[in-house]
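Enquirer: I'd like to ask some things about the structure below.
The values are calculated or read from the model by the stated rules, or taken from the named source; none is laboratory data. Predicted, not measured: the structure shown is a model, and the values here were computed from it. Using ideal geometry, Cβ is built from the backbone for each residue, glycine included, and neighbour counts are taken over all protein chains shown.
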Amino acid sequence: MEKVYEGKAKIVYKTEDPDKYILYFKDTATAFDATKRAEVEGKGELNNNISSLIFQLLEERGIRTHFIRKLSSREMLVWRAKRFELEVVVRNISAGSLCKRLGIEEGKPLEKPLVEFFYKNDELHDPLVCYDHIILLGLLKEEQIHEIKHITFRVNEILREFFSQHGLILVDFKLEFGQLPDGSLAVVDEVSPDTCRLWDAKTGEKLDKDRFRFDLGDLLEGYRKVLEKLQG
Ligand code: TMP
C-alpha cells in the first residue's frame, strides 16, 4: 500500500478508492515532542479498538467523523480528510499543561468546560493560540472556529456521560478536525488513552498516557482497563 503520511503513532495509507484511507495504529509511544519514546507492544491494537468504539458512538449521536469501520486489529478505514493544523483541547478537571501554565493545582473540577486551541507545529512545540492567532495564521475561518467549538462541547457532553457510565472520569482530551471529501467538517485522527486523560472513578487511578509521560505504571495495563470498562 502507498503511504500518504507517517506520524508518531499512526501511518496513513491509500486504498483503491481515492476518497478512503487506511489508518494503521503503531505501537510507538512518545511524549514531550517525542524526546521520550518507546515501543509498547499491543498499544496500537488497543488504541484502534478504543478509537473505533468511540467514533462509532459519536457517529450514532450525530457527530460527523472520518470513521468508516474497523478493518483489522490495527487498521481503521477512514474518509480522506484535509486536516486543520490545530489541536482542540477540552478540559473538565485541571491537569497537565493547564496546571503548569496557570499555577493551578491538579484535580480541581472546572466550573464549565474549557476549550483551548494549540497550533500543530513541531518546531514551535505546538503553542497555545487564541482566536485572533488562528485567523492570523489562516488555520480556520471565523465561522469554522465557532462550528468547531460547538461540536467540541457536544463531543465533551457525549464522552463525559459515556465514560462516566463505565466508571471513568474524563479529565480532558484532544480532538483534531478536518474537511471530508463532501466538504463537511469532521472529527479526525483518534480518540484514545493517548489523547484523553481518564481516571478510574472509584480509585482515581490514572489510566491514560500520563502513565508513560510520568512513569506512573504499566501503559498497557491502563489502556486494557479502559477497554475492559468500556466493553463491560
Ligand atoms: P496537556 O494538558 O498536555 O495540554 O494535554 C491536554 C490533553 O490533550 C490531554 O488529554 C492529552 C492530550 N494531548 C494530545 O492528545 N497530544 C499532545 O500532543 C498533547 C500535548 C496532549
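Enquirer: Look at K70 and say whether it is free of Cβ contacts under 8 Å to residues at least 24 places away in the same chain, more than 15 Å from the chain's Cα centre (by Cα) and within 28 Å of L140 (Cβ to Cβ).
Expert: Here the answer is no, as K70 does not meet what is asked.
Enquirer: Can you name the residue in region 67-89 that is closer than 25 Å to G183 by Cβ and within 16 Å of the ligand (Cβ to nearest atom) and, of all such residues, is surrounded by the most Cβ atoms within 10 Å (Cβ to Cβ)?
Expert: Top of the filtered list is L86.
Enquirer: Here is a follow-up. Report the residue count in region 1-55 for those that are closer than 21 Å to D122 by Cβ, part of a loop (DSSP other than H, G, I, E, B) and hydrophobic (A, V, I, L, M, F, W, C).
Expert: Summing the residues that are closer than 21 Å to D122 by Cβ, part of a loop (DSSP other than H, G, I, E, B) and hydrophobic (A, V, I, L, M, F, W, C) in region 1-55 gives 3.
Enquirer: With respect to R154, is the statement that it is near the ligand (Cβ under 9 Å from one of its atoms) and at pLDDT 95 or above true?
Expert: Against the criterion (near the ligand (Cβ under 9 Å from one of its atoms) and at pLDDT 95 or above), R154 does not qualify.
Enquirer: For region 170-213, which residues satisfy the criterion of being of a type in the set (V, I, T) and within 12 Å of the ligand (Cβ to nearest atom)?
Expert: Those that are of a type in the set (V, I, T) and within 12 Å of the ligand (Cβ to nearest atom): V171, V191, T195.
Enquirer: Out of curiosity, is S97 near the ligand (Cβ under 10 Å from one of its atoms) and of a type in the set (S, T, N, Q)?
Expert: yes
A quick yes/no check of all residues on (1) more than 16 Å from A9 (Cβ to Cβ); (2) in contact with a strand residue (DSSP E or B) (Cβ under 6 Å, 6 or more places away or on another chain); (3) of a type in the set (A, V, I, L, M, F, W, C); (4) surrounded by 21 or more Cβ atoms within 10 Å (Cβ to Cβ):
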{"residue": "E161", "(1), (2), (3), (4)": "yes, no, no, no"}
{"residue": "I169", "(1), (2), (3), (4)": "yes, yes, yes, no"}
{"residue": "D182", "(1), (2), (3), (4)": "yes, no, no, no"}
{"residue": "D194", "(1), (2), (3), (4)": "no, no, no, yes"}
{"residue": "T203", "(1), (2), (3), (4)": "yes, no, no, no"}
{"residue": "F212", "(1), (2), (3), (4)": "no, yes, yes, yes"}
{"residue": "D218", "(1), (2), (3), (4)": "yes, no, no, no"}
{"residue": "Y223", "(1), (2), (3), (4)": "no, no, no, yes"}
{"residue": "L227", "(1), (2), (3), (4)": "yes, no, yes, no"}
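Enquirer: Just the residues that are within 16 Å of the ligand (Cβ to nearest atom) and over 17 Å from the mean Cα position of the chain (by Cα), please, taken from region 216-232.
Expert: L216
Enquirer: Could you grab the pairs with beta carbons closer than 6 Å, sequence gap of 6+ or different chains, first residue in region 83-108 and part of a helix (DSSP H, G or I), second one loosely packed, with under 14 Cβ neighbours inside 10 Å?
Expert: From residues that are part of a helix (DSSP H, G or I), the pairs are C99/E106.
Enquirer: In addition: Every residue in region 113-146 that is surrounded by 16 or more Cβ atoms within 10 Å (Cβ to Cβ), in a loop (DSSP other than H, G, I, E, B) and away from the ligand (no atom under 15 Å from the Cβ), please.
Expert: Hits for region 113-146 are L139, L140.
Enquirer: Residues in region 112-120: is at least one charged (D, E, K, R), within 17 Å of the chain's Cα centre (by Cα) and more than 21 Å from L170 (Cα to Cα)? Let's see the steps before the verdict.
Expert: Going residue by residue through region 112-120, those that are charged (D, E, K, R) are 112, 116, 120.
Filter once more, so that each one left must be within 17 Å of the chain's Cα centre (by Cα): 116, 120.
Those still in the list that are more than 21 Å from L170 (Cα to Cα) too: 120.
Checked against the condition, which is being charged (D, E, K, R), within 17 Å of the chain's Cα centre (by Cα) and more than 21 Å from L170 (Cα to Cα), region 112-120 yields at least one hit.
Enquirer: Then there's this: What pairs come out if I take residues in region 1-19 that are modelled with pLDDT of 95 or more and pair them with residues that are of a type in the set (S, T, Y) and surrounded by fewer than 13 Cβ atoms within 10 Å (Cβ to Cβ) whose C-beta lies under 7 Å away, six or more apart or interchain?
Expert: Filtered contacts from region 1-19: V12/Y5.
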